[in-house]
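*Asks:* Structure below; questions to follow.
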Amino acid sequence: MSDATTPDEQAGAQQELPFALVYGEAVTELPLDLYIPPDALEVFLEAFEGPLDLLLYLIRKQNIDILDIPVAEITKQYMGYVELMHSVRLELAAEYLVMAAMLAEIKSRMLLPRSSEAEEEEEDPRAELIRRLQEYERFKAAAEELDELPRVGRDVHVPRLDAPEARARKLLPDVSLEELLVSMAEVLRRADMFESHQVTREALSTRERMSEVLERLKGGGFVPFVELFAIEEGRLGVVVTFMAVLELIKESLVELVQNEPFAAIHVRARAE
């Protein structure tokens, strides 16, 4: 017996390459009990993203007029694709089965014999499918046009460059000697206009002025209101005397009397 292998056997051995290694052992066949969750993997075959996309592909592939679809042939090809998905054990979306049922319904309605009057009154069974295909074709074309536009990060890359640190240069003013002398003279002229004044304010007490007013009213007679104020005390003395009189009236120690409107006001001490 010879250990030599034929070229066909070598080719077969090369084709049976393992697609995975589990604990160091090669796996060449898919396990029958392997479970893949429905949402774990999404596969796009021939870039089909839905049943309408598949139908549009089949129509374009055979150069069929979308307004005159041979339902029988398209249904046959569509069901072949669905069976292919079943055979490779892919999770079949429900929308593909709904489209298959819709194609079967259209096919059955077109195969049923109808009278000429019924054909004129009844709408073409393919009308709704054609409308959906045309609408989907428009949206797909618009999506492809948008995808061809330049995209930042894919086709266009925006460069970023940090700006160098800017340092402002401080320019010194160019001052002549004549300008400096003129400015100095202006400062001296403005200094002569100011003089130092020290203002002292005489402290006046409202309580002391209240005692002085009561002392003047000790005799019990009426005293003119204006005689309570001293002109030499100025505005501050007038304010302090007026506040003292108001405090005495508030404490019910003095009273004001006026015989008639616009007449002179007199002040006297209240009797105890």
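The values are calculated or read from the model by the stated rules, or taken from the named source; none is laboratory data. Because the structure is a prediction, the values reported are computed rather than measured. No Cβ is skipped: glycine too gets one built from the backbone with ideal geometry, and neighbour counts run over all protein chains shown.
*Asks:* Give me the pairs, please: first residue somewhere in region 154-183 and loosely packed, with under 10 Cβ neighbours inside 10 Å, second residue anywhere and assigned to a loop (DSSP other than H, G, I, E, B), beta-carbon distance under 8 Å, and either six or more positions apart or on two chains.
*Replies:* Correct list of pairs: Val156/Pro150.
*Asks:* For region 54-67, indicate whether the set of residues that are outside any helix (DSSP H, G or I) and at pLDDT below 70 is non-empty.
*Replies:* No, that holds for no residue.
*Asks:* Taking into account only those residues within region 115-145 that are loosely packed, with under 13 Cβ neighbours inside 10 Å and assigned to a loop (DSSP other than H, G, I, E, B), which is modelled with the lowest pLDDT?
*Replies:* Looking at the filtered set, the residue picked out is Ser115.
*Asks:* Restricting the search to region 207-241, which residues are of a type outside the set (D, E, K, R), farther than 19 Å from Arg270 by Cβ and out of contact with any Lys or Arg (no Cβ under 7 Å at 6 or more places or on another chain)? Explain how you work it out, then say what you get.
*Replies:* So in region 207-241, the residues of a type outside the set (D, E, K, R) come out as 210-211, 213-214, 217, 219-226, 228-231, 234, 236-241.
Next cut, farther than 19 Å from Arg270 by Cβ only: 226, 229-231, 234, 236-240.
Within region 207-241, Val226, Phe229, Ala230, Ile231, Gly234, Leu236, Gly237, Val238, Val239 meet the criteria.
*Asks:* I've got another one for you. Can you say whether Ala191 is out of contact with any Lys or Arg (no Cβ under 6 Å at 6 or more places or on another chain) and more than 30 Å from Ile106 (Cβ to Cβ), as far as the supplied structure shows?
*Replies:* yes
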